[in-house]
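The values are calculated or read from the model by the stated rules, or taken from the named source; none is laboratory data. Predicted model, so just to flag it, every value in this text is computed and none were measured. Glycine gets a Cβ as well: all are built from the backbone with ideal geometry, and neighbour counts include every protein chain shown.
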């Protein structure tokens, strides 16, 4: 059986109305809106570890673990929400590791955050080449 035929067979099992009902439901738009949390956490991995709040990171880890379980047990199972919370939990765990390392452990140099070198001092004006007058 060809790949195109398998895909066609898969999508033909469901009617257009069923797909529209799914895309217009909270089972779709809730997780889509919720993806802002893991995206922000993943972007924050490159920021200064001094800015990480240990309390908030712990709360977000707890939140994601509770709602990950909820997304798995709700009927019908909401895999989009589950994937969102797995991603958020993973990102928050990374943030918590960075927080603990920066404030307490000092074991690993943070690979994501490096302080930029200061700019070089300006050249003295007498070192600049003289401009020819036209």
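Of the conditions (1) touching a residue at least 12 places away in the same chain (Cβ under 8 Å); (2) exposed (fewer than 15 other Cβ atoms within 10 Å of the Cβ), residue 108 fails just one. Which one is it?
(1)
Against the definition (crowded, with 16+ Cβ neighbours inside 10 Å and in contact with a helix residue (DSSP H, G or I) (Cβ under 9 Å, 6 or more places away or on another chain)), how does residue 101 come out, yes or no?
Against the criterion (crowded, with 16+ Cβ neighbours inside 10 Å and in contact with a helix residue (DSSP H, G or I) (Cβ under 9 Å, 6 or more places away or on another chain)), residue 101 does not qualify.
Of the residues that sit in the stretch 45-87 and are touching a residue at least 60 places away in the same chain (Cβ under 8 Å) and within 19 Å of residue 35 (Cα to Cα), which one is surrounded by the fewest Cβ atoms within 10 Å (Cβ to Cβ)? Give the derivation first.
First, pick out the residues of the stretch 45-87 that are touching a residue at least 60 places away in the same chain (Cβ under 8 Å): 45-49.
After this cut, where a residue has to be within 19 Å of residue 35 (Cα to Cα) as well, the list is 45-46.
Details: 45: 16, 46: 11.
The qualifying residue surrounded by the fewest Cβ atoms within 10 Å (Cβ to Cβ) is 46.
What's the number of the only condition in (1) at pLDDT below 90; (2) within 16 Å of the chain's Cα centre (by Cα); (3) under 30 Å from residue 22 (Cα atoms) that residue 78 fails to meet?
The one condition residue 78 does not meet is (2).
Taking the conditions exactly as written (modelled with pLDDT under 80 and assigned to a helix (DSSP H, G or I)), does residue 22 satisfy them or not?
Taking the combined requirement at face value, the residue satisfies it.
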